[in-house]
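The values are calculated or read from the model by the stated rules, or taken from the named source; none is laboratory data. None of the values given here were measured: they were computed from a predicted structure. Don't worry about glycine lacking a Cβ; one is built from the backbone with ideal geometry, like all the others, and counts go over all protein chains shown. Heavy atoms of the whole protein, side chains included, go into the accessibility calculation; ligands, DNA and RNA do not. Shrake-Rupley method; radii C 1.70, N 1.55, O 1.52, S 1.80 Å.
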Amino acid sequence: MRPVRAAHRPVRAAAGLTGRVVRHRWARRLRVAAAVALTAVIGSMTGVMLFARADLNVGPFSAEMSVTPSVHGGTEVNIPPLGSLHLDSHRGPVHLRVALGSLDQSRTEALIDNPTAISTAGERAVDEVVIGVTRLALRTLGLAVLSALILAALIFRDTRRTAAAGLTALVVTGGSLGLAAATLRPDSISEPRYEGLLINAPAVVGDARRIADNYGRYSEQLQTILGNVSRVYSTISVLPVYEPAGNTTRLLHVSDLHLNPSSWGLIRTVVETFEIDAVIDTGDIVDWGSSAETSYVASIPSIQVPYIYVRGNHDSTAIQAAVARQSNAVVLDDGLTEIDGLTIAGIGDPQFTPDKSETNEAGDDSGPELLTAAGDRLARTIRDSGKKVDIALVHDPAMAQPLSGVVPLVLAGHKHSRSVSTLPAPTAPATDPSASASPAPSASAEPLPALTTRLMVEGSTGGAGLRGLEDEDPTPLSLSVLYFDENNELKAYDDIQLGGTGESNVEMQRNVIGLEPDPVPTPAPSGPSPQPSR
């Protein structure tokens, strides 16, 4: 028996040491502090989620503001039945939600009888919102502390621990609200993300014709949105769309329809709702390029605005000819055209891959060279034209690099994924030392003093066709509205995305040139751009 007892001695000694550590006063204090902190956080979160609400009047609306814990922060403005606006207004663990509720009958009637009252309501809206947010913040702070005190009193039944829980709730909630205030971005209202019915988007978000000049003026943007929604509610009938300014040109960029019949209805809706001046299609309108597919392009005249098209690698010359026969179509294949003062150049994809392959390759090693050569050819055409070209159209982004410094904007498709970047600046070629010509520039390649070229790659407006249904999540339908001012400069663009099944519910992101983060320069492509995997 003695050996067994001796073997158990180290175990008993370790257990005794553990027990003494656990019973040590500092360990006990840490456990109590952790329990108090956890109680304070749970109590304050419960109180905030259940009761942190405040009612206020914004113009003709009775609105409710609420605060909920969140990882990313931000603000959500619900405008039933039109949809919702999401603003990247602040950081921190606090999410602000504003729900526009019923209309006050007397205030609404005043708006109808006196249209100038809408502007007056907009001027007061900023002060009303500031007062409402301040009142909500104080209410949230008080509710968080009170809830933590009540919960701590029920759990601990100790005055000191209850007071400590209340103090912890005060620090945590006050710090969260302070972080939200410190990271406030008033200009975020210039770039709202809209979710709701597509036809309501312009009425809620507003026109982008003046947004480049006013994006920093929070109050004016708030007045604009309030005025738009007020008009919608007060007129009740047809939703209003802002009249386009005389110096604004709106282009709709679509790409990679891939025989999806629902694409035409979507394009028609956007053209009518956003008052589009012309549609730009950067290729892959069909899948196989066969003669049987030529009937698909017969829907182009239903768009009822100019339809500018460049050939994709899935489009045959027969498909290109079928597009050219449509009454409102303009086919660009190493050529130029003009729309509302905008000069547009384009060239078709030099390769034809009539299958579902995932690369734009004709089956040999000449693919990358063909793409680059096509871009070089279009760049020479632009230079030889002697005109200032505003937009260049290609299908594959690998064709875009030779256009860097030649045009300010290149539109492309092919990747079935939306992206915006800047092309690397062109470099001067090294001179031949054996040349006997007049003095040559430096032999080293140096960046040329050229304009910056933005490359905008569109997603698939057809949801990648049938291949878009191969994944568990269907490929979304993507298209973009581009806004140009009287100087033919891109001022803003709206990215529109629908579910891959063509749902009417839409997500729209307003992007303002100068307010958005600078696009990241992309390296010059050394080969063809792969399509997304199936």
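Ordering Val323, Val129 by accessible area with a probe of 1.4 Å, largest first, what comes out?
If we order Val323, Val129 from most to least accessible, we get Val129, Val323.
Return a whole-number percent for the relative contact order of the stretch 130-195, with Cα pairs under 8 Å and 6 or more residues apart as the contact set.
30
Using amide H atoms built 1.01 Å from N in the peptide plane, name the residues 5+ places from Thr422, or on other chains, whose amide H lies under 5 Å from its own.
Under 5 Å from the amide H of Thr422: Leu455, Val520, Thr522.
Please list Lys388, Lys491, Lys415 in order of solvent-accessible area, largest first, computed with a 1.4 Å probe with all protein chains present.
Numbers: Lys388 135, Lys491 55, Lys415 75 Å².
Greatest to least solvent exposure: Lys388, Lys415, Lys491.
So, R0 is 56 Å and r is the distance between the beta-carbons of Leu30 and Glu369; what FRET efficiency does that work out to, to 0.05?
0.25
Between rounded, prolate and oblate, where does the stretch 151-196 land on the alpha carbon gyration tensor, with a ≥ b ≥ c its root eigenvalues, rounded for a/c under 1.5, else prolate if a/b exceeds b/c? All intermediate terms of the calculation are to be shown ahead of the outcome.
On the way: a/c = 10.03, a/b = 2.82, b/c = 3.56.
Taking the square roots of the gyration eigenvalues as a ≥ b ≥ c, the stretch 151-196 is oblate.
How much FRET efficiency would the formula 1/(1 + (r/R0)^6) give for Lys388 and Arg157, where r is the Cβ-Cβ distance and R0 is 56 Å, rounded to 0.05?
After rounding to 0.05, the efficiency reads 0.10.
With a 1.4 Å probe and every protein chain kept in, tell me what percent of the accessible surface of the stretch 268-345 is carbon plus sulfur.
Using a 1.4 Å probe with all protein chains present, the stretch 268-345 comes out at 46 percent carbon and sulfur.
Skipping prolines and chain starts, which residues have an amide H placed within reach, meaning under 5 Å, of the one on Asp334, given they are 5 or more residues away or on another chain?
Gly346, Ile347, Gly348
With all protein chains present and a 1.4 Å probe, how do Trp264, Trp26 order by accessible area, largest first?
Greatest to least solvent exposure: Trp26, Trp264.
I'd like the FRET efficiency for Ala182 and Ser299, computed as 1/(1 + (r/R0)^6) with the beta carbon distance as r and R0 of 51 Å, rounded to 0.05.
The computed FRET efficiency comes out at 0.45.
Sort the stretch 286-335 into rounded, prolate or oblate with this rule: let a ≥ b ≥ c be the square roots of the eigenvalues of the Cα gyration tensor; rounded if a/c is under 1.5, and if a/c is not under 1.5, prolate when a/b is larger than b/c, oblate otherwise.
Taking the square roots of the gyration eigenvalues as a ≥ b ≥ c, the stretch 286-335 is oblate.
Treat each spin label as a single point 7 Å out from the Cα along the C-beta direction, and report the Ile513 to Glu195 distance in nm.
With each label placed 7 Å out from Cα toward Cβ, I get 3.0 nm.
Return the distance in nm (one decimal) between the two label points of a simple spin-label model at Glu486 and Ala321, each offset 7 Å from Cα along Cα→Cβ.
Modelled inter-label distance: 4.6 nm.
Taking Cα pairs under 8 Å and at least six residues apart, what relative contact order does the stretch 33-75 come out at, in percent?
Relative CO of the stretch 33-75 lands at 30 percent.
Report the full-extension gain for the segment Leu451 to Ser290: residue separation times 0.36 nm, less the Cα-Cα distance, to one decimal in nm.
53.9 nm
Which ³J(HN,Hα) values, rounded to whole Hz and listed in residue order, are derived for the stretch 316-332 from phi using the Karplus coefficients 6.51, -1.76 and 1.60 in 6.51 cos²θ - 1.76 cosθ + 1.60 with θ = phi - 60°, glycine and proline given as x?
Values per residue, Gly and Pro as x: 7, 5, 5, 5, 4, 5, 5, 5, 4, 6, 6, 4, 9, 8, 10, 9, 10 Hz.
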